[in-house]
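Trainee: Input: one structure, supplied below.
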Amino acid sequence: MSEEPVIRITEPAPFVRLVTMNRPGALNALSGELLGALAQALDGWRHDEAVRAVVLTGGERAFAAGADIKEFPLQTPATQILEERAALFDAIGRFPKPLIAAVNGYALGGGCEVAMACDIIIAGETARFGQPEVNLGIIPGAGGTQRLPRTVGKSLAMLMCLAAEPIDAKRALSAGLVAEVTPKELTVERALAIAKAIVARPPLAVRVAKDLILRSYDTPLDAGLKLERRSNAALFGTEDKQEGVAAFIEKRPGNFKGR
Ligand code: DAK
């Protein structure tokens, strides 16, 4: 175990957590320890009503430069299965509350996959996204061959995964991989502003909207539309809906409880 914590957690605003990956000497390479700490934090917040949105960031040089390659020499097919590393990555994908990635510098390999598993990516101008695993004789292992083509299309995904060519923030924006590009000093600030805007909104509606958008990737349109209609009908029975409508009519901000 290193002395410095591999992730830092702060509460920059009520209901918001900021998680900063903290292995600057290794460009935030995703060691088992770092992934474990991240998974533990996210799993702990699943049912914690004091947490409504999370911002995940790294450092100035790197969001994360991928899985920790220095752990690879001892890894075998058996350790890959037994260590359940995939489950650690999955903790991000299964987190039910909004997760915003604030990316400066390298987001490579598993780092790019972690960002893609988040719901919104805000990129600083210095951000570089790539899937260079093929250089190591392996392939993306946490969504790079699946989430990336669904987001940027086949041709660019092939370029990134087969030629190991990274893309810069501007190209990531035009490809739809990121929502916005900011000056690098403002990346976290912008992500936090989005998180604060989200936590002021009804938590149940936010949660259901996130769930449905993620489901849209593998739900036929007709089934997705039915699910949307039923989910919306259910939300009409919530206290938050009563409060949101009353707040609009009374021209005041809503006070939402997630009930
Ligand atoms: N792992 C370990 N250390 C890393 C690292 C990484 N991914 N990336 C950088 N570092 C370390 C370097 O070794 C160096 O350490 P020292 O030599 O100083 O001790 C330090 O960080 C600074 O890096 P550089 O000296 O290389 O810095 P440069 O500016 O020259 O280059 C770079 C920056 C990002 C271009 C370069 O460091 C680089 O190419 N890094 C490797 C990027 C990469 O190949 N990433 C993909 C890794 S494979 C799975 C799920 C996912 C995965 C696998 C399995 N399952 C669910 C089973 C994911 C796999 C990957 O991500």
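The values are calculated or read from the model by the stated rules, or taken from the named source; none is laboratory data. Since we're looking at a predicted model, the values are computed, not measured. So basically every Cβ, Gly included, is an ideal-geometry build from the backbone, and we count neighbours across all protein chains shown.
Trainee: Do the conditions hold for Ala117, that is, is it farther than 23 Å from Arg207 by Cβ and of a type outside the set (Lys, Arg)? Steps first, please.
Mentor: Numbers: farther than 23 Å from Arg207 by Cβ: no; of a type outside the set (Lys, Arg): yes.
No; evaluated as a whole, the condition is false for this residue.
Trainee: Give me the pairs, please: first residue somewhere in the range 127-152 and in contact (Cβ under 8 Å) with a residue 24 or more places away in the chain, second residue anywhere and of a type in the set (Ser, Thr, Tyr) and within 8 Å of the ligand (Cβ to nearest atom), beta-carbon distance under 6 Å, and either six or more positions apart or on two chains.
Mentor: Arg128/Tyr106
Trainee: Ok, one more. Checking Ala107 against (1) within 27 Å of Ala209 (Cα to Cα); (2) part of a helix (DSSP H, G or I), only one condition comes out false. Which one?
Mentor: It is condition (2) that Ala107 fails.
Trainee: Here are Arg128, Arg171, Arg150: which of them is modelled with pLDDT of 95 or more, over 22 Å from Ala37 (Cα atoms) and within 13 Å of the ligand (Cβ to nearest atom)?
Mentor: Working: Arg171 fails: within 13 Å of the ligand (Cβ to nearest atom); Arg150 fails: within 13 Å of the ligand (Cβ to nearest atom).
The conditions single out Arg128.
Trainee: Go through the range 86-104 and give me each residue that's not aliphatic (A, V, I, L, M) and not in a helix (DSSP H, G or I).
Mentor: As a first pass, look at the range 86-104 and keep what is not aliphatic (A, V, I, L, M): 89-90, 93-98, 104.
Result: Arg94, Phe95, Pro96, Lys97, Pro98, Asn104.
Trainee: Would a scan of the range 83-96 turn up a residue that is closer than 21 Å to Arg207 by Cβ, more than 16 Å from the ligand (Cβ to nearest atom) and surrounded by 14 or more Cβ atoms within 10 Å (Cβ to Cβ)? Talk me through it step by step, then tell me what you get.
Mentor: Going residue by residue through the range 83-96, those that are closer than 21 Å to Arg207 by Cβ are 90-96.
Still in the list and also more than 16 Å from the ligand (Cβ to nearest atom): 95-96.
Then drop every residue that is not surrounded by 14 or more Cβ atoms within 10 Å (Cβ to Cβ), which leaves 95-96.
Within the range 83-96, one or more residues are closer than 21 Å to Arg207 by Cβ, more than 16 Å from the ligand (Cβ to nearest atom) and surrounded by 14 or more Cβ atoms within 10 Å (Cβ to Cβ).
Trainee: With (1) part of a helix (DSSP H, G or I); (2) among the hydrophobic types (A, V, I, L, M, F, W, C); (3) away from the ligand (no atom under 15 Å from the Cβ); (4) within 16 Å of the chain's Cα centre (by Cα) as the list, and Leu204 as the residue in question, which single condition is left unmet?
Mentor: All conditions pass for Leu204, except number (4).
Trainee: Anything in the range 70-84 that is at pLDDT below 90 and not in a helix (DSSP H, G or I)? List them, or say none.
Mentor: Passing the criteria: Glu83, Glu84.
Trainee: List every residue pair whose Cβ atoms lie under 9 Å apart, where the two residues are 6 or more positions apart in sequence or sit on different chains, the first residue falls within the range 186-205 and is among the acidic types (Asp, Glu), and the second residue, located anywhere, is at pLDDT 95 or above.
Mentor: Taking only residues 6 or more apart or on different chains, the pairs are Glu189/Ala102; Glu189/Thr182.
Trainee: List the residue pairs whose Cβ atoms are under 6 Å apart, where the first residue sits in the range 159-184 and is over 17 Å from Ala101 (Cβ atoms), the second is charged (D, E, K, R) and crowded, with 19+ Cβ neighbours inside 10 Å, and the two are 6 or more positions apart or on different chains.
Mentor: So the pair list comes out empty.
Trainee: For the range 153-177, give me each residue that is crowded, with 20+ Cβ neighbours inside 10 Å and in contact with a Phe, Trp or Tyr (Cβ under 9 Å, 6 or more places away or on another chain). Break it down into steps so the answer makes sense when it comes.
Mentor: Residues of the range 153-177 crowded, with 20+ Cβ neighbours inside 10 Å: 156-157, 160-161, 167, 169, 172, 177.
Residues satisfying the conditions are Met160, Ile167, Ala169, Ala172, Leu177.
Trainee: At least 3 residues that are in contact with a Lys or Arg (Cβ under 8 Å, 6 or more places away or on another chain) in each: list the strands (runs of 3 or more DSSP E) lying fully within the range 2-67 that qualify.
Mentor: 7-13, 16-21, 53-57
Trainee: Further, regarding this structure: Out of (1) surrounded by fewer than 15 Cβ atoms within 10 Å (Cβ to Cβ); (2) among the charged types (D, E, K, R); (3) under 26 Å from Ala115 (Cβ atoms), the odd one out for Lys226 is which?
Mentor: Of (1) surrounded by fewer than 15 Cβ atoms within 10 Å (Cβ to Cβ); (2) among the charged types (D, E, K, R); (3) under 26 Å from Ala115 (Cβ atoms), only one is false for Lys226: (3).
Trainee: Find the residue count for the range 157-200, including only residues that are touching a strand residue (DSSP E or B) at 6+ places or on another chain (Cβ under 7 Å) and part of a helix (DSSP H, G or I).
Mentor: Selection size over the range 157-200: 16.
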